[in-house]
Amino acid sequence: TTKTVVNIEDVRITPGYNEEESIQPETIMGSETIVFSMGANFDQVPFPQYYVNGKPFDPRQINFHAQPGEAREYILINANHNAHPFHIHVNRFQVQQMGSELSTTKYPVLDALLDHDPTVWRDTFIVPPNGRTRIWVQYKNYTGKTVLHCHFLAHEDTGMMATLFIGKKDWVFRLQEHIQWIVGSVVGIVLGVVLMILVYYTRSSSPNNYSPVAMNELKSKVVD
């Protein structure tokens, strides 16, 4: 058999999306911030700890929500001195803006890292050290629960991951959003009932009766 050799420079790779599918600014329905950070608590396992918006991954929680078909903006912030490759499952995105607090003169590799084309569709993209990346996502083809995370295995497996739900919220998710208010209300009602019971029993057990009838009876007794 004859093997065909193709020069890699002649290979054209396309993402399979039409140019007119690019996300337009007027279609953005909301903006949220996603902060990648890490902790250094020596008394906690695993060490170090990795977080999204200050929290480790919890599959029972819904951290972000989107409606099917809508486009959303995310500001990805890297609070660390190392890079975090961002990945969101089953959804493509476009990088609109990048920046870093670090000097490109001191770290010339940042020049290449910060170079981006806002029309290119991405599956994974690096959030630069001590930097930020602004992306646009449009949720077209999938619904249900998925995740977004840092694509370094050691980071995502130790907490740098968050859940995203695409679709209409059901009562379970609404309950989770208002759980603090619900618990506070229940505690307040219980305390109020207990206080009313205490006041009732305190008054009913009091030997003093200052009603008008009782006062008149007491007065007649004194006169007699």
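The values are calculated or read from the model by the stated rules, or taken from the named source; none is laboratory data. Everything numeric in this text was worked out from a predicted model, so none of it was measured. All Cβ positions, even for glycine, are placed from backbone atoms using ideal geometry, and neighbour counts span all protein chains on display. The area values use the complete protein model at the heavy-atom level, side chains included, leaving out ligands, DNA and RNA. Shrake-Rupley method; radii C 1.70, N 1.55, O 1.52, S 1.80 Å.
The figures follow:
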| item | result |
| --- | --- |
| Some residue of the range 100-113 being under 26 Å from residue 39 (Cβ atoms), at pLDDT 90 or above and part of a strand (DSSP E or B) | yes |
| Matching residues in the range 56-71 - criterion: being part of a strand (DSSP E or B) and closer than 13 Å to residue 148 by Cβ | 64, 65, 66 |
| Extreme residue, farthest from residue 149 (Cα to Cα), among residues of the range 87-118 that are out of contact with any helix residue (DSSP H, G or I) (no Cβ under 7 Å at 6 or more places or on another chain) and β-branched (Val, Ile, Thr) | 105 |
| The range 69-83, subset buried (at least 19 other Cβ atoms within 10 Å of the Cβ) and more than 18 Å from residue 131 (Cβ to Cβ), residue farthest from the chain's Cα centre (by Cα) | 71 |
| Residue among 72, 92 that is out of contact with any Gly (no Cβ under 9 Å at 6 or more places or on another chain) and touching a residue at least 12 places away in the same chain (Cβ under 8 Å) | 92 |
| Sole residue being open to solvent by less than 30 Å² (accessible area, probe 1.4 Å) and either within 24 Å of residue 139 (Cα to Cα) or free of Cβ contacts under 8 Å to residues at least 12 places away in the same chain (or both), chosen from 86, 42 | 86 |
| From the options 37, 22, residue that is open to solvent by less than 30 Å² (accessible area, probe 1.4 Å), over 17 Å from the mean Cα position of the chain (by Cα), within 24 Å of residue 113 (Cα to Cα) and not basic (Lys, Arg) | 22 |
| Residue list for the range 125-145, restricted to those being open to solvent by 10 Å² or more (accessible area, probe 1.4 Å) and among the β-branched types (Val, Ile, Thr) | 126, 143 |
| Residue that is at pLDDT below 95, under 15 Å from residue 76 (Cα atoms) and out of contact with any Leu (no Cβ under 7 Å at 6 or more places or on another chain), where the choices are 152, 125 | 125 |
| Per-region count, the range 146-168, residues open to solvent by 10 Å² or more (accessible area, probe 1.4 Å), assigned to a strand (DSSP E or B) and under 16 Å from residue 56 (Cβ atoms) | 2 |
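Yes/no matrix, rows are residues, columns are (1) exposed (fewer than 13 other Cβ atoms within 10 Å of the Cβ); (2) at pLDDT below 90; (3) closer than 26 Å to residue 164 by Cβ:
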{"position": "4", "(1), (2), (3)": "yes, yes, no"}
{"position": "9", "(1), (2), (3)": "yes, yes, no"}
{"position": "13", "(1), (2), (3)": "yes, yes, no"}
{"position": "30", "(1), (2), (3)": "yes, no, yes"}
{"position": "53", "(1), (2), (3)": "no, no, yes"}
{"position": "59", "(1), (2), (3)": "yes, no, yes"}
